[in-house]
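The values are calculated or read from the model by the stated rules, or taken from the named source; none is laboratory data. The structure displayed is predicted, hence computed values, not measured ones. Methodologically, a virtual Cβ is constructed for each residue, glycine included, from the backbone with ideal geometry; neighbour enumeration extends over all protein chains shown.
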Amino acid sequence: MDENRTRLEQPQQDAPKKRSLWPLFFFPMALLYHELLLHAFDRTILFWDTPLVYILLFSAAGGFLLSALVDILPRRAAHIVTYALCVFWTVLTCIEYCCKSYFKSYWGLSFITQMTGNVVGNFFSTMLEIIFGRIVFILLSFLPLVLLIILRRRLLPGKTLSVRCRVMALAVFAVCQAVGSALCYTGEDRADYTYNYVTDYAVPRFGLAATIRLEAQYAIFGLPDAPVIQVDEPVPDEPVVYDYNKMELDFTATSDLVGGSTLENMHNYFSSKTASQQNEYTGMFKGKNLIQITAEAFSPYVISKELTPTLYKLTHEGFVFTNYYQPGWGQSTTGGEFAHMTGIIPTWVNGNLSFYASHQDYMPFALGNQFRALGYTTVAYHNNSYTYYNRHLTHPNLGYDYYGQGNGLTLTVPGWPYSDLDMMELTAPAYIEDYVNTGKPFHAYYMSVSGHANWGWGNAMSAKNREAAVAAYPNASQPVQGYIAANLELEYALTYLLEQLEAAGIADDTVICMTADHYPYALVTDEVDYYQELSGKQDSELDISRYKNTWLLWSGSMESSVTVNTPCSAIDILPTVSNLFGLEFDSRLMSGHDVFAQNYNASQASTCMPLVILPTNRGYSWITAAGTYDAKTRTFTPNPGITVADDYVKTVSSLIDAKYSYARQLIQYDYAGVVLHHPQATHVMAAPPKPPEPSTDETAGDTVNIGFPPLKGPRQRPCFFMQKYRKADSDCQKICHSEPVRTLAWESVTRKNGLPFFHFQNLSYP
């Protein structure tokens, strides 16, 4: 009896168990959960204003693809990979919470991996505050991981799926991916999904999963080309009184870096742009000194006649820009700084920030390179770590002898953030004294840090100037008082600078140019928008008014102030300053516009019109001479007396798309080097002076190979090595000296083994 019973039960015991389908749905549900949680966290996103179908489709596509791929692995490996992917995505979303909270931008994976060390090393205590301030969302992010651990028997892969289930998962992936991409390609989001992809806009629009996929895709294969934009350019009145700020560029040049239709499109785009016209202000400051400052988190609302008299004087006695805006580029400080120093819209280039990507490009119109070619002393300073945001690579390429902490600048005032006054006291006397003694003009660039968040009494600059700020604003909140107190250090630095210039008798020979890298977005917390208190406006990050700022442009030589009502922004600073100093540049290779150029029709969309672009996660708001487009309300308001064509908004939007796309390509393909036939090199020198007349000197025709070793010496000044090759023999002589090689006049350049060889007419050694 028992034997028969055992025989009957045996087949049932050996019958295969059906595999649970829960593991198949874990990744899609986990990704969707994280996407929805991220949307709930970002208060600037409206669920009904965002195509959630993108989020659903791309979450499903990514999730089912991961499930199918993990299922192929052996059981133990599948478990490890499942845990690893879950941890990775949890950590990534937590990082995005912190980035969005503090920097008011989403950061791509490449930026996080490149800059985490800098951020953590310099702002560790601040990052801890950010984490604890967002602890609820961070804890909620761990829910899928916790469920995976608790329900591991159900959610972890057991036996492999059947072929039918795998095919189904891959089919769902393919359909969701195809439908989502088709909607993006054919809808109003085409530009942002393709050739104008930007992380900060992609995350709220398409989801984090799609953003990471797009970033990897475009880093490997490159972004698609932007469509060629054709607009009717304004016809100048005859006769033309002023020339144009343009050069003879070779729009037929070829390049090893780029070819085919991409290079052709770039040639067509830049050659079709109308250059800015010179004007009554052209050369107004020719031969003068220039001090340029990018002020950390500066705001116009800190300016007070009583509390900040120097700032008040400099912003009211020079050029007064009533319609200046400082956009949020989605790249924190480095975006604003890049825009100021290059006149080019900051974008992402092969997964890198524009600034970093440009450090090997030929940047002939950067002010450092421009002034250095004219024989100026060109120096740059930053009172933070000299390697932060890779400034030790970017600033020398822009033509500066660069000094920061760890590289020739030793501050004496302790604490974080560091003192702008201390930096100014340690640096300004040297170039001022040199100018007084030798007559050699100077261009000094500063990136300040005293105004850096967070603005509490633990902030060294806030604490240092606490008494003055509290006395002036006794009823303000503590964050606002702290912010004003920190910015008093910039006021004191400018006061010292102005005193030194006046004492030396060279204020009339000097121009000061200053604006912010971005508005003080750290005043906006999850609980309270303290910037509303500071400004007195009930606006938000989506509103145009949030980005209204100050552009200080002053010289002691100006007899009276000049009010400028033209809409302008950070990218307009370089072309405007270049025109004021009478420099040779080509405005067509810049994203910005000389604010004094008048060769445009206010009611007509064109490539030479004033254009302020303000990116938000709702799209681009913008301002022209014709009116204002608000991306928040999706409405265009024309200025009084202005009538525009029916397609004006669409045309301007297309021009903006083109500006972004070609700003990226200009850096990606070193386009200035292509059309100016500059040799590609690891380090690009400033354009040297024109060569002298041919000489019969015996050294004429010698070839010099120039190398760039690490910085040396007590002041960390560059030491250049030259190898002299005579035609008659193969021996070479290596000579070290401190005179920059760029001051020598070269006749031609050839390449050997990938290195540039500079041919000189007259070659002499010190």
Just give me the residues in segment 539-554 being among the polar types (S, T, N, Q) and at pLDDT 95 or above, in sequence order. Ser545, Asn549, Thr550
Where Phe371 falls short, out of the listed (1) modelled with pLDDT under 95; (2) among the aromatic types (Phe, Trp, Tyr); (3) buried (at least 19 other Cβ atoms within 10 Å of the Cβ): (1)
Just a yes or no: is a residue in segment 584-592 closer than 28 Å to Leu497 by Cα, aromatic (Phe, Trp, Tyr) and out of contact with any Gly (no Cβ under 7 Å at 6 or more places or on another chain)? no
Tell me which helices (runs of 4 or more DSSP H) are completely within segment 321-396 and hold 1 or more residues being more than 23 Å from Pro441 (Cα to Cα), or say none if there are none. 332-342, 354-357
When (1) under 24 Å from the mean Cα position of the chain (by Cα); (2) of a type in the set (A, V, I, L, M); (3) at pLDDT 95 or above are applied to Ala631, the one that fails is (3)
For a quick check of your reading of the model, give me the residue pairs whose first member lies in segment 520-541 and is buried (at least 19 other Cβ atoms within 10 Å of the Cβ) and assigned to a loop (DSSP other than H, G, I, E, B), whose second is of a type outside the set (Ser, Thr, Tyr) and modelled with pLDDT of 90 or more, with beta-carbon atoms closer than 6 Å and at least 6 apart or on different chains. Pro520/Ala297
Residues that are at pLDDT 80 or above and either crowded, with 16+ Cβ neighbours inside 10 Å or outside any helix (DSSP H, G or I) (or both), drawn from segment 213-224: Arg213, Leu214, Glu215, Tyr218, Leu223, Pro224
Residues that are surrounded by fewer than 16 Cβ atoms within 10 Å (Cβ to Cβ) and either in contact (Cβ under 8 Å) with a residue 24 or more places away in the chain or not β-branched (Val, Ile, Thr) (or both): list the helices (runs of 4 or more DSSP H) wholly contained in segment 127-212 that include at least 3 such residues. 152-155, 163-186
Residue check, Thr637 in a strand (DSSP E or B), in contact (Cβ under 8 Å) with a residue 60 or more places away in the chain and surrounded by fewer than 19 Cβ atoms within 10 Å (Cβ to Cβ): no
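Conditions tested, residue by residue: (1) in contact with a Pro (Cβ under 9 Å, 6 or more places away or on another chain); (2) modelled with pLDDT under 85; (3) among the small types (Gly, Ala, Ser).
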| position | (1), (2), (3) |
| --- | --- |
| Leu128 | no, yes, no |
| Phe142 | no, no, no |
| Leu151 | no, no, no |
| Leu161 | yes, yes, no |
| Leu170 | no, no, no |
| Ala174 | no, no, yes |
Residues of segment 283-313 satisfying the condition of being more than 24 Å from Lys104 (Cβ to Cβ) and buried (at least 20 other Cβ atoms within 10 Å of the Cβ): Phe285, Asn289, Leu290, Ile291, Gln292, Thr308, Leu311
Go over the candidates Tyr620, Tyr600 one by one and state the one that is part of a loop (DSSP other than H, G, I, E, B), hydroxyl-bearing (Ser, Thr, Tyr) and more than 30 Å from Tyr473 (Cα to Cα). Tyr600
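Results for (1) in contact with a strand residue (DSSP E or B) (Cβ under 7 Å, 6 or more places away or on another chain); (2) closer than 30 Å to Thr211 by Cα; (3) among the aromatic types (Phe, Trp, Tyr); (4) in contact (Cβ under 8 Å) with a residue 12 or more places away in the chain, shown as yes or no for each residue.
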position: Gln292; (1), (2), (3), (4): yes, no, no, yes
position: Val302; (1), (2), (3), (4): no, no, no, yes
position: Asn323; (1), (2), (3), (4): yes, no, no, yes
position: Gly343; (1), (2), (3), (4): no, yes, no, yes
position: Gly351; (1), (2), (3), (4): no, yes, no, yes
position: Asp361; (1), (2), (3), (4): no, yes, no, yes
position: Tyr381; (1), (2), (3), (4): yes, no, yes, yes
Residue check for Ala61: part of a helix (DSSP H, G or I), surrounded by 21 or more Cβ atoms within 10 Å (Cβ to Cβ), assigned by TED's automatic domain parsing to the domain that holds Ala169 and at pLDDT 90 or above: yes
Those residues that are surrounded by fewer than 19 Cβ atoms within 10 Å (Cβ to Cβ), farther than 18 Å from Val320 by Cβ and in contact (Cβ under 8 Å) with a residue 12 or more places away in the chain, I need them from segment 543-566; list them, please. Asp543
For Ala493, are the conditions met, namely being part of a helix (DSSP H, G or I), touching a Lys or Arg at 6+ places or on another chain (Cβ under 7 Å), surrounded by 24 or more Cβ atoms within 10 Å (Cβ to Cβ) and modelled with pLDDT of 95 or more? no
Kindly provide the set of residues from segment 508-533 that are in contact with a strand residue (DSSP E or B) (Cβ under 8 Å, 6 or more places away or on another chain) and not polar (S, T, N, Q), ordered by number. Asp508, Asp509, Val511, Ile512, Cys513, Met514, Ala516, Asp517, Leu523, Tyr530, Tyr531
